[in-house]
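The values are calculated or read from the model by the stated rules, or taken from the named source; none is laboratory data. Note that the structure is predicted; figures quoted are calculated from it, not measured. Here the Cβ is made from the backbone with ideal geometry for all residues, glycine too, and neighbour counts use every protein chain on show. Surface areas here come from the heavy atoms of the whole protein model, side chains and all, with no ligands, DNA or RNA. Shrake-Rupley method; radii C 1.70, N 1.55, O 1.52, S 1.80 Å.
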Amino acid sequence: MIPLEDYVARIEETCGAEKDFIVIFKYDKKDDAIKKILQKAKKEKAISTIIFELTFQDVSFRLYGTGKAIFRNLKDKNGLQKVLSDLLL
Amino acid sequence: MFDPHKIREDFPILKRKINNYTLIYFDNAASSQKPRQVIEAIKDFYENHNSNVHRAVHTLSQEASELYERAHDEVADFIHADGMEEIIFVRGTTEAINLVAYSWGLRNLKKGDEVIVSLMEHHSNIVPWEILSKLNGFNIKYVGVSDDGTLNYEAYEELISEKTKIVCFSHVSNFSGVINDVKRIAKIAHDHGALILIDGAQSVPHLPTHVKDLDVDFLAFSGHKMLGPTGIGVLYGKCEILEKMEPFQGGGEMIREVLFDSITKRCTITWNDLPWKFEAGTPNICDGIGLMEAVRYLRRLGMENVQAHEYTLTEYAMKHMLECQKIEIYGPEDASAKCGIIPFNVEGFSSHDVALLLDNYGIMVRSGFHCTQPLHAIFKLKSSARASFYIYNTREEIDSFIEVLKEIE
């Protein structure tokens with residue numbers, strides 16, 4: 001099993017009252033990451049292959065074809081890392 | 001003739017592709033791109049003139065000193081200051097404001113005194129005063145904003161008194177782009193014996209700036225928002241005020257003499273002349289020279305032309321954005337009251353979603369609070385997206401931006 005760091009380049013907590021997290025996947029792993037996430041998460045909506053509105057373990061998030069994702073309403077970074085681990089590993 | 005298409009040729013980064021789209025850079029309020037001339041000036045300094053400034057007799061140091069001093073001179077000319085004595089190079093707007101807070105404020109503000117700050121401010125013009133008020137015990141009074149995002153000018157008349165020592169506000173809001181009436185507030189402040197400090201981070205890069213005409217006591221701005229490098233900024237101060245101020249930091253360069261008295265066993269220090277009194281340690285020489293080149297570039301274009309171009313873009317963008325059903329724009333609807341900045345949200349999307357969606361198409365905009373959390377609270381916003389324009393942006397880029405916004409809708 002490869003570690004989460006192999007997929008994730010950066011995690012940014014958004015500026016604003018929403019307190020969402022932006023996850024930026026590593027360029028060379030983004031296609032693999034997107035594929036794995038789409039296999040495990042429930043697809044609510046999709047616009048072509050550009051944006052996917054998804055839910056996983058009661059967490060809603062948007063995944064972008066450019067290899068970025070925005071996770072909403074997570075309590076903290078630990079919670080995000082757990083979700084990402086479950087999605088990717 | 002002002003031709004943004006021609007100007008674009010000077011900016012190598014604008015040829016970049018992002019996600020297979022040609023880069024559209026609409027995050028200029030955060031930081032501008034750099035023309036080849038500035039990049040070359042930095043390269044030339046390190047390749048041909050690099051040395052420390054002042055007090056060395058060798059050729060390289062003479063050259064570096066002359067360039068660094070000329071940079072101060074040209075910045076002084078750019079904002080119509082009296083001379084380089086009034087131009088202190090700092091890291092950026094934030095450091096410039098902190099310099100005033102700690103050099104002037106620490107010694108001149110005491111319990112019972114008042115500072116007036118607007119709620120429109122970037123955090124960098126709020127936080128230093130709040131920190132200092134905890135140390136010195138003075139009071140801060142905040143001026144609110146109207147529904148259209150303009151300053152509540154009447155509040156200045158109500159809040160100001162003989163207790164007021166300084167009035168701090170931005171010339172242009174980094175959230176809404178609204179242009180504030182500096183002269184009007186300067187008059188109110190000066191009539192009551194108070195100084196004014198202007199955050200010029202969003203005005204100096206975009207508008208003609210005449211510090212004497214505006215009658216400002218302090219003006220802070222950043223190089224990186226006006227085509228220059230990061231890590232260099234300016235504090236303008238009226239000479240007679242700077243002369244009376246004590247230095248912010250101590251070290252080399254800012255002193256004339258450090259004499260050890262064998263009787264008192266202490267050192268007696270004499271400060272250097274202005275502006276060096278406030279530039280302790282080896283300064284950011286190269287980026288100062290980069291800023292000079294940026295100023296030369298803007299002067300060649302003419303700041304009136306820069307302002308006119310941004311007005312045209314802002315008016316065009318707002319007109320087409322307002323045609324979208326789900327887009328809300330904040331601040332004045334009249335583009336002439338603004339300065340190249342459009343804050344907005346798309347119904348049903350967070351600002352970060354909007355920024356990520358635009359990023360998909362190679363369009364860079366900011367999202368979040370833009371360091372103006374109190375102002376977002378006034379507008380009852382969780383965050384906002386912000387498009388901000390500069391000299392190299394075009395109508396065609398705005399068309400692409402609108403096209404994506406319509407797609408998001």
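With the requirement that a residue be within 20 Å of residue B:21 (Cβ to Cβ) and either among the aromatic types (Phe, Trp, Tyr) or within 7 Å of chain B (Cβ to nearest Cβ) (or both), what does the range A:54-64 give you? First the steps, then the outcome.
Taking the range A:54-64 as the starting set, the residues that turn out to be within 20 Å of residue B:21 (Cβ to Cβ) are A:62-64.
If the condition is that a residue be within 20 Å of residue B:21 (Cβ to Cβ) and either among the aromatic types (Phe, Trp, Tyr) or within 7 Å of chain B (Cβ to nearest Cβ) (or both), then A:62, A:64 are the ones that fit.
Can you go through B:307, B:373, B:325 and tell me which one is more than 26 Å from residue B:229 (Cα to Cα), polar (S, T, N, Q) and under 20 Å from the mean Cα position of the chain (by Cα)? Reasoning before the result, please.
Details: B:307 fails: more than 26 Å from residue B:229 (Cα to Cα); B:325 fails: under 20 Å from the mean Cα position of the chain (by Cα).
The match here is B:373.
Within the range A:6-27, track down each residue that is of a type in the set (Lys, Arg) and either in contact (Cβ under 8 Å) with a residue 60 or more places away in the chain or outside any loop (DSSP other than H, G, I, E, B) (or both). Before you say what the answer is, go through the steps one by one.
Looking only at the range A:6-27, we keep the residues that are of a type in the set (Lys, Arg), and these are A:10, A:19, A:26.
Residue satisfying the conditions is A:10 alone.
What's the total number of residues in the range B:120-129 that are open to solvent by 20 Å² or more (accessible area, probe 1.4 Å) and assigned to a helix (DSSP H, G or I)?
Going through the range B:120-129 one residue at a time, the tally reaches 2.
Could we say that residue B:270 is open to solvent by 80 Å² or more (accessible area, probe 1.4 Å) and more than 17 Å from residue B:81 (Cα to Cα) here?
Numbers: open to solvent by 80 Å² or more (accessible area, probe 1.4 Å): no; more than 17 Å from residue B:81 (Cα to Cα): yes.
Against the criterion (open to solvent by 80 Å² or more (accessible area, probe 1.4 Å) and more than 17 Å from residue B:81 (Cα to Cα)), residue B:270 does not qualify.
For the range B:1-24, give me the residue count where each residue is in contact (Cβ under 8 Å) with a residue 60 or more places away in the chain, out of contact with any helix residue (DSSP H, G or I) (no Cβ under 7 Å at 6 or more places or on another chain) and of a type outside the set (Val, Ile, Thr).
Matching residues across the range B:1-24 total 5.
If you check A:33, A:69, which single one turns out to be among the aliphatic types (A, V, I, L, M), within 13 Å of chain B (Cβ to nearest Cβ) and either surrounded by 15 or more Cβ atoms within 10 Å (Cβ to Cβ) or not in a strand (DSSP E or B) (or both)?
On the way: A:33 fails: within 13 Å of chain B (Cβ to nearest Cβ).
When all the criteria are applied, what remains is A:69.
Look through the range B:130-177, keep the residues that are open to solvent by less than 20 Å² (accessible area, probe 1.4 Å), in contact with a strand residue (DSSP E or B) (Cβ under 6 Å, 6 or more places away or on another chain) and of a type in the set (Val, Ile, Thr), and return whichever of them is farthest from residue B:381 (Cα to Cα).
Across the range B:130-177, the extreme among qualifying residues is B:164.
Of the residues B:220, B:201, only one is touching a residue at least 60 places away in the same chain (Cβ under 8 Å) and outside any strand (DSSP E or B); which? I'd like the intermediate steps shown before the answer.
Details: B:220 fails: outside any strand (DSSP E or B).
It is B:201.
Filter the range B:232-274 for residues that are in contact (Cβ under 8 Å) with a residue 24 or more places away in the chain, over 18 Å from residue B:55 (Cβ atoms) and not in a loop (DSSP other than H, G, I, E, B) and give the result.
Residues satisfying the conditions are B:233, B:234, B:235, B:236, B:237, B:239, B:241, B:242, B:243.
Tell me, please, whether a residue that is open to solvent by 40 Å² or more (accessible area, probe 1.4 Å) and either farther than 29 Å from residue B:201 by Cα or not assigned by TED's automatic domain parsing to the domain that holds residue B:82 (or both) can be found in the range B:234-256.
The answer is yes; a qualifying residue exists.
Open to solvent by less than 10 Å² (accessible area, probe 1.4 Å), under 25 Å from residue B:22 (Cβ atoms), in a strand (DSSP E or B) and more than 14 Å from chain A (Cβ to nearest Cβ) - does that describe any residue in the range B:387-395?
yes
Taking the range B:314-365 only, how many residues are in a strand (DSSP E or B), open to solvent by 20 Å² or more (accessible area, probe 1.4 Å) and either within 11 Å of chain A (Cβ to nearest Cβ) or not β-branched (Val, Ile, Thr) (or both)?
Residues flagged as in a strand (DSSP E or B), open to solvent by 20 Å² or more (accessible area, probe 1.4 Å) and either within 11 Å of chain A (Cβ to nearest Cβ) or not β-branched (Val, Ile, Thr) (or both) within the range B:314-365 amount to 3.
Could you list, in sequence order, the residues of the range B:1-39 that are open to solvent by 40 Å² or more (accessible area, probe 1.4 Å) and in contact with an Asp or Glu (Cβ under 8 Å, 6 or more places away or on another chain)?
B:19, B:36, B:37
Would you pick out the residues in the range A:72-89 that are exposed (fewer than 13 other Cβ atoms within 10 Å of the Cβ) and closer than 22 Å to residue B:367 by Cβ?
A:75, A:76, A:77
Would you confirm whether any residue within the range B:284-295 is of a type in the set (Gly, Ala, Ser) and more than 19 Å from the chain's Cα centre (by Cα)? So that I can check it myself, show each step before the final result.
Applying the first criterion (of a type in the set (Gly, Ala, Ser)) to the range B:284-295 yields B:288, B:290, B:294.
Of the ones still in play, those that are also more than 19 Å from the chain's Cα centre (by Cα) are none.
Looking through the range B:284-295, none of the residues is of a type in the set (Gly, Ala, Ser) and more than 19 Å from the chain's Cα centre (by Cα).
Condition check ((1) among the aliphatic types (A, V, I, L, M); (2) within 30 Å of residue B:179 (Cα to Cα); (3) in contact with a Lys or Arg (Cβ under 9 Å, 6 or more places away or on another chain)) across all residues:
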{"residue": "B:220", "(1), (2), (3)": "yes, yes, no"}
{"residue": "B:257", "(1), (2), (3)": "no, no, no"}
{"residue": "B:273", "(1), (2), (3)": "no, no, yes"}
{"residue": "B:279", "(1), (2), (3)": "no, no, no"}
{"residue": "B:297", "(1), (2), (3)": "no, yes, no"}
{"residue": "B:306", "(1), (2), (3)": "yes, yes, no"}
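What is the residue count in the range A:36-53 for residues that are within 10 Å of chain B (Cβ to nearest Cβ) and open to solvent by 60 Å² or more (accessible area, probe 1.4 Å)?
1
Pairs under 9 Å by beta carbon, first residue β-branched (Val, Ile, Thr) in the range B:153-165, partner in a strand (DSSP E or B) and open to solvent by less than 40 Å² (accessible area, probe 1.4 Å), six or more apart or different chains?
Pairs found: B:160/B:114; B:160/B:116; B:160/B:167; B:164/B:114; B:164/B:115; B:164/B:116.
Are there helices (runs of 4 or more DSSP H) fully within the range B:1-90 with at least 2 residues that are within 20 Å of the chain's Cα centre (by Cα)? List them. Steps first, answer last, please.
Numbers: elements: B:4-8, B:36-44, B:59-78.
Filter on the range B:1-90 gives B:59-78.
Are there any pairs, at least 6 apart or on different chains, whose C-beta atoms fall under 7 Å, with the first in the range B:383-409 and closer than 14 Å to residue B:8 by Cβ and the second of a type in the set (S, T, N, Q), and if so, which?
Here the result reads B:389/B:28; B:389/B:314; B:390/B:28; B:390/B:32; B:392/B:33, each pair linking the range B:383-409 to a residue that is of a type in the set (S, T, N, Q).
Of everything in the range A:7-30, what is away from chain B (no Cβ under 14 Å) and open to solvent by less than 40 Å² (accessible area, probe 1.4 Å)? Give them in sequence order. Steps first, please.
Filtering the range A:7-30 for residues away from chain B (no Cβ under 14 Å) gives A:7-9, A:26, A:28-29.
Passing the criteria: A:7, A:8.
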